[in-house]
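S.K.: Please read through the structure below; I'll follow up with questions.
Values quoted throughout were computed directly from the atomic coordinates according to the rules given, and no laboratory measurement underlies them. Keep in mind that this is a model prediction, so the values were computed, not measured. Neighbour counts run over all protein chains shown; Cβ positions are idealised from the backbone, glycine included.
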Amino acid sequence: MNNKKVVIAGGGVLGTQIGLICAYHGFDTTFWLRSESSIGRTTPKIERYSALMLEDLLKAKALIGNPMGAFMYPKGMISDWQSMTAEKIDELAEEGARRFKENIHIELDMAAAVKDAYIVIESMSEDPQAKIGVYTAMKDLLDEDTILCTNSSTLLPSMFAEYTGRPEKYCSLHFANTIWKNNTAEIMGHPGTSPEIFNAVVAFAADIGMVPLQLHKEQPGYILNSMLVPFLSAAQALWANGVSDPETIDLTWRLATGAPAGPFQILDIVGLETAYNINQMKPAAQQEGTVENKIGKLLKEKIDRGEKGVNFGKGFYEY
Ligand SMILES: NC(=O)c1ccc[n+]([C@@H]2O[C@H](COP(=O)([O-])OP(=O)(O)OC[C@H]3O[C@@H](n4cnc5c(N)ncnc54)[C@H](O)[C@@H]3O)[C@@H](O)[C@H]2O)c1
């Protein structure tokens, strides 16, 4: 087994970012993709995200000495902010660009892709049947010691453990979007994950510049979304029931807790389409008169007007 070999199954938004951060931190990184057309979709993503990562790294030079810098630098790419100098950042960017070039490979042959891998991180679409299909195809091709992780946001590892052929070496390793800035990694086993493997995944997450956040048992939504989703729902209910308006609700939260952003500012960052999709998954959203139904209608009106959040220049606020 090669302790420096990582395989990413799925070259979408998150898969690409995970592969790049592994390559940046010196891991030999192979994307396993299912077809030539997948290569055509993943290659531009690799180019775009690697350019964005290096751009954010170089921009951090302007943050040195700025008291807000410690909150804004790309934390997944710089381990010791206090000792950073412009020269050191230039060196990191040069080395990063070299590693992106040398450490990244794309492979369509699954057996060749996973051979000798230390860890395989599955980051495919949130489709249980697709994930089961790939685990089943992969299980006899993996080296005995290879660790298998899923980046799934909403599906539990216990749903898939039996299909992996290595339940004790399988767990969730869940990253956040814009991994090079939001460097959290939630690690969550299922009841059959071995403690040694869990600890090895925690150590691996730290080795690729993440802050490992350990869950001691399975929890849908992990730690962050278990808190964030109900919090955002409560804020939207206050708005949809006409109790208060987004600005006042945000102001209340900021003043009372010292938090830099209120729930509607967070919703603008998450994107109103995502918020709408999460709301519509609740059965009550389909029933006339419920608060979930009112939230759905209000969000839909904003989405139809193009007010979809920060990335669209307007959401609850103008940007
Ligand atoms: N997007 C996010 O913000 C985010 C954050 C954390 C975790 N996740 C999780 O990461 C995973 C991927 O999400 P994403 O946003 O990158 O999705 P995406 O749609 O951008 O990418 C999905 C990838 O899976 C591939 N794929 C689908 N079916 C396949 C199959 N049968 N065989 C091989 N490849 C297949 C697709 O070709 C694509 O490259 C999901 O499990 C999601 O829950 C997403």
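S.K.: Between Leu251 and Ile132, what length in nm is gained on full extension when 0.36 nm per residue of separation is reduced by their alpha carbon distance?
M.R.: 38.3 nm
S.K.: Continuing with the same structure: List the GluC sites (Glu not before Pro) within the range 250-301 that fall in a DSSP loop (any state other than H, G, I, E or B) and whose Cβ has at most 14 other Cβ atoms within 10 Å.
M.R.: Glu288
S.K.: Something else about it: Can you say what percent of the DSSP beta bridges in the chain, counting only those with both residues inside, are antiparallel? Round to 5.
M.R.: Close to 20 percent.
S.K.: Give me the Kirkwood hydrodynamic radius of the range 227-312, using the inverse of the mean 1/r over all pairs of distinct Cα atoms, in Å to one decimal.
M.R.: Evaluated over the range 227-312, this radius sits at 13.0 Å.
S.K.: Okay, next question. In nm, to one decimal, how far is the Phe71 label point from the Met1 one, both placed 7 Å along Cα→Cβ?
M.R.: Once both label points are built, they end up 4.1 nm from each other.
S.K.: Which of rounded, prolate or oblate describes the chain when judged by the alpha-carbon gyration tensor and an a/c cut-off of 1.5?
M.R.: oblate
S.K.: Once both axes come from the Cα atoms, what is the angle between helix 246-257 and the longest principal axis of the chain, in degrees from 0 to 90, rounded to 10?
M.R.: 70
S.K.: For the range 197-211, just list the computed ³J(HN,Hα) in residue order, Karplus coefficients 6.51, -1.76 and 1.60, θ = phi - 60°, integers in Hz, with x standing in for Gly and Pro.
M.R.: Couplings: 5, 3, 5, 5, 5, 4, 5, 4, 4, 5, 5, 9, x, 9, 9 Hz.
S.K.: Right, something else. May I ask for the angle, rounded to the nearest 10°, between helix 224-240 and the longest principal axis of the chain, with both axes built from Cα atoms and the value confined to 0 to 90°?
M.R.: Helix 224-240 sits at roughly 20 degrees to that axis.
S.K.: Compute the length gained on full extension between Glu102 and Ala261: take 0.36 nm times their separation in residues and subtract their Cα-Cα distance, giving the result in nm to one decimal.
M.R.: Contour length minus Cα-Cα distance gives 53.2 nm.
S.K.: Which whole-Hz ³J(HN,Hα) couplings does the range 40-45 yield from phi under the Karplus relation 6.51 cos²θ - 1.76 cosθ + 1.60, θ = phi - 60°, glycine and proline marked x?
M.R.: x, 8, 7, 4, x, 5
S.K.: At a Förster distance of 35 Å, what's the computed FRET efficiency of Glu87 paired with Lys181, Cβ-Cβ distance as r, to 0.05?
M.R.: Once rounded, the FRET efficiency stands at 0.95.
S.K.: Take the Cβ-Cβ distance between Thr154 and Glu94 as r, set R0 to 51 Å, and report the resulting FRET efficiency rounded to the nearest 0.05.
M.R.: It comes out at approximately 0.85.
S.K.: Now for a different question. Label Lys59 and Asp140 with points 7 Å out from Cα along Cα→Cβ: what is the distance between them in nm?
M.R.: So the label points at Lys59 and Asp140 sit 4.9 nm apart.
S.K.: Let me ask something additional. Compute the long axis of helix 13-24 from its Cα atoms, compare it with the longest principal axis of the Cα atoms of the chain, and write down the angle in degrees, 0 to 90, nearest 10.
M.R.: Result, in degrees: 50.
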